[in-house]
Amino acid sequence: MATHTTASCTGSTLLQPISEIINLPLDQVNFVAGQLFALLMAVWFRIYLHPSKTSPFVRHVVATLLGFYLALFCFGWYSLHFLVQSGLSYSVMVFAGLEHMHKYCFIVTLGYLILCQITRVYVFDYGMYSADFTGPMMVITQKITSMAFEIHDGETHTVFIQLLLSSSRMPSLLEYLSYNCNFMGILAGPTCSYNDYMAFIEGTGYQPRHQDNANANGKENGKCRQSEPSSKNDVVSKLCTCAVTLAIYLSLCKLLPVERCIDEDFVNNTPFHLQVLYLYLAMLALRPKYYFIWTLADAINNAAGFGFNGYNKDGSPRWDLISNLRILDIEFATSFKLFLDNWNIQTSLWLKRVCYERCPINPTAATFLLSAMWHGVYPGYYLTFLTGIVMTMAARAVRHNIRPYFLGSASHKCVYDVLTWLATQVAISYTVVPFVLLAVGPSLHFYRSWYFCLHLLCLLVVLVLPVRSRRRQPPEPRDAVQEERRADHNSTDNNCNQKDKAT
């Protein structure tokens, strides 16, 4: 077992003794150690390389070099793929015209990612290798394509949100590499807007956004004079969440394996309602792993000063700009959509911006297909996302046709929420089993043991219940966009004035 783990890890073997002592794969130990090192570097980065003390150039260089070091530590020479993928896409950006640059960049970046995934799975047969080098490439793919679309939208912004995210200039090579490979996000992301990252590097991320320049009422360049918000409380809170979720995962993951759901003795001798309960608990035991990874990544970015997202109503700072999940909203989600909206948030936003909002034909199916392609080439991914399409359509039909009958009173609404919570948890667990099992045989074996009951039920719901067409709103005219920006500016001015009076 240990020999296989050592052979599978392409990164540093410095922590091999620790891996053997705690009986965890070396690649996982390297990942956690790398993230803890990144956390320490993030604190150092914010204190000693603060924008008020050094230039954006130095911050870019240090962030990039530290990122490359972590990549080499965890993945060895395979981290060169990060540079190759980034270099190919940057060449496309430089030589392709603005009109089609985002499309070519999308094809090249995603194509290289899929090629690496095919090579890793089917040529070198790494199988279940848990910290493979294509993980960071998935995040880099998101960043590169997001940047390409932002640059394109900077010239042809069609809707207001695209205007807010658009970039008006081509990044330098250093800025580009820093955005893709900085130490805060090289191992686990999350994806972020290029404009938000540049605001963090330049030290302008703590100021109100999207305002005209004006000097009045105690403001400089249309921005409030305010002290830099502290992220200490949020970082400590997120690290405590990491400790709890890691302890839960290590305690339960081996007690509740998903593979038991396809064990012949278990299927033949366990009542169906207990099989459903076990499936829910097995999936519940898996989620803390992702809670740990994404919350730690968020804490690292916050510790470096990245992730500020304005203030709450009570005046406390919000550090959720690039947060990737909302744990309570996930565990108590009352619909398939609510679950997905709060799970892997930045990936959902990326899929929405590059696919759902732009695909003219069946955007829901196209988005699920892109998500499957982005995740990898295991057949289980495609089974999961194909099932997800049917689940989403059925959930939408139920919400449109059934929910209005339960809104007459609070008690009826409570009953509806409980029933939909139960249905959502079972549907999610049922849908993601192939995502965990990966192979076609075990996945179909599981669905056969359930007689494909949820597939058939969802198809019946879609066929019987009518669903209103989800037509997207036409693009806003330029004057409407300007009017909304003006309203945003006036609202922020009022907030600034209130703070000045309070001070």
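The values are calculated or read from the model by the stated rules, or taken from the named source; none is laboratory data. Here the structure is a predicted model, which means the values were calculated and not measured. Methodologically, a virtual Cβ is constructed for each residue, glycine included, from the backbone with ideal geometry; neighbour enumeration extends over all protein chains shown. Note: areas computed on protein heavy atoms with side chains; ligands, DNA, RNA excluded. Shrake-Rupley method; radii C 1.70, N 1.55, O 1.52, S 1.80 Å.
Go through region 50-59 and report how many residues are under 22 Å from Ala188 (Cβ atoms) and either among the aliphatic types (A, V, I, L, M) or within 23 Å of the chain's Cα centre (by Cα) (or both). Full working, then the answer.
First, pick out the residues of region 50-59 that are under 22 Å from Ala188 (Cβ atoms): 59.
Imposing the further condition that a residue be either among the aliphatic types (A, V, I, L, M) or within 23 Å of the chain's Cα centre (by Cα) (or both) reduces the set to none.
Number of matching residues: 0.
Just to check your reading of the model, which residue among Leu454, Leu460 is free of Cβ contacts under 8 Å to residues at least 24 places away in the same chain and part of a helix (DSSP H, G or I)?
Numbers: Leu454 fails: free of Cβ contacts under 8 Å to residues at least 24 places away in the same chain.
One residue alone meets the criteria, Leu460.
Can you tell me which of Glu331, Glu357 is open to solvent by 20 Å² or more (accessible area, probe 1.4 Å), over 16 Å from the mean Cα position of the chain (by Cα) and modelled with pLDDT of 95 or more? Reasoning before the result, please.
Numbers: Glu357 fails: modelled with pLDDT of 95 or more.
From the options Glu331, Glu357, the qualifying one is Glu331.
Can you name every residue in region 150-182 that is modelled with pLDDT of 90 or more and open to solvent by 40 Å² or more (accessible area, probe 1.4 Å)?
Result: Ser172, Leu173, Leu174.
Restricting attention to region 403-425, and to residues there that are in contact (Cβ under 8 Å) with a residue 40 or more places away in the chain and of a type outside the set (Phe, Trp, Tyr), which single residue is farthest from Leu454 (Cα to Cα)?
Only one residue tops the list, namely Asp417.
Do we find a residue being β-branched (Val, Ile, Thr), open to solvent by 20 Å² or more (accessible area, probe 1.4 Å) and more than 15 Å from Thr145 (Cβ to Cβ) anywhere in region 365-381?
Checked region 365-381: at least one residue is β-branched (Val, Ile, Thr), open to solvent by 20 Å² or more (accessible area, probe 1.4 Å) and more than 15 Å from Thr145 (Cβ to Cβ).
Checking Ile107 against (1) closer than 24 Å to Pro190 by Cβ; (2) in contact with a helix residue (DSSP H, G or I) (Cβ under 8 Å, 6 or more places away or on another chain), only one condition comes out false. Which one?
Condition not satisfied by Ile107: (2).
Quick check on Ile140: is it of a type in the set (Val, Ile, Thr) and buried (at least 20 other Cβ atoms within 10 Å of the Cβ)? It would help to see each step written out before you state the result.
Working: of a type in the set (Val, Ile, Thr): yes; buried (at least 20 other Cβ atoms within 10 Å of the Cβ): yes.
Against the criterion (of a type in the set (Val, Ile, Thr) and buried (at least 20 other Cβ atoms within 10 Å of the Cβ)), Ile140 qualifies.
Could we say that Tyr194 is hydroxyl-bearing (Ser, Thr, Tyr), buried (at least 21 other Cβ atoms within 10 Å of the Cβ), under 19 Å from Tyr104 (Cβ atoms) and at pLDDT below 95 here?
Values: hydroxyl-bearing (Ser, Thr, Tyr): yes; buried (at least 21 other Cβ atoms within 10 Å of the Cβ): yes; under 19 Å from Tyr104 (Cβ atoms): yes; at pLDDT below 95: yes.
Judged against the criteria, Tyr194 is a match.
Is it true that some residue in region 227-248 is closer than 30 Å to Tyr447 by Cβ and either at pLDDT 95 or above or of a type in the set (D, E, K, R) (or both)? Spell out how you get there, then give the answer.
Filtering region 227-248 for residues closer than 30 Å to Tyr447 by Cβ gives 245, 248.
Among the residues that remain, those that are also either at pLDDT 95 or above or of a type in the set (D, E, K, R) (or both) are: 245, 248.
There is at least one residue in region 227-248 that is closer than 30 Å to Tyr447 by Cβ and either at pLDDT 95 or above or of a type in the set (D, E, K, R) (or both).
Which one of these is within 19 Å of the chain's Cα centre (by Cα) and either closer than 25 Å to Tyr206 by Cα or open to solvent by less than 60 Å² (accessible area, probe 1.4 Å) (or both): Asn312, Asn344?
Working: Asn312 fails: within 19 Å of the chain's Cα centre (by Cα).
That would be Asn344, the only listed residue that is within 19 Å of the chain's Cα centre (by Cα) and either closer than 25 Å to Tyr206 by Cα or open to solvent by less than 60 Å² (accessible area, probe 1.4 Å) (or both).
Listed here are the residues, each with its yes/no results for (1) open to solvent by 60 Å² or more (accessible area, probe 1.4 Å); (2) in the same structural domain as Val236 (by the TED database); (3) under 22 Å from His445 (Cβ atoms).
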{"residue": "Leu256", "(1), (2), (3)": "no, yes, yes"}
{"residue": "Ile262", "(1), (2), (3)": "no, yes, yes"}
{"residue": "Asp265", "(1), (2), (3)": "yes, yes, yes"}
{"residue": "Asn269", "(1), (2), (3)": "yes, yes, yes"}
{"residue": "His273", "(1), (2), (3)": "yes, yes, yes"}
{"residue": "Val276", "(1), (2), (3)": "no, yes, yes"}
{"residue": "Ile293", "(1), (2), (3)": "no, yes, no"}
{"residue": "Leu296", "(1), (2), (3)": "no, yes, no"}
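Go through (1) under 26 Å from Val467 (Cβ atoms); (2) in contact (Cβ under 8 Å) with a residue 40 or more places away in the chain; (3) open to solvent by 50 Å² or more (accessible area, probe 1.4 Å) one by one and return the number of the condition Ile428 breaks.
Ile428 satisfies all of (1) under 26 Å from Val467 (Cβ atoms); (2) in contact (Cβ under 8 Å) with a residue 40 or more places away in the chain; (3) open to solvent by 50 Å² or more (accessible area, probe 1.4 Å) except (3).
Can you find a residue that is in the same structural domain as Gly67 (by the TED database), modelled with pLDDT of 90 or more, open to solvent by 20 Å² or more (accessible area, probe 1.4 Å) and in contact with a helix residue (DSSP H, G or I) (Cβ under 8 Å, 6 or more places away or on another chain) anywhere in region 124-134?
No, because not a single residue in region 124-134 is in the same structural domain as Gly67 (by the TED database), modelled with pLDDT of 90 or more, open to solvent by 20 Å² or more (accessible area, probe 1.4 Å) and in contact with a helix residue (DSSP H, G or I) (Cβ under 8 Å, 6 or more places away or on another chain).
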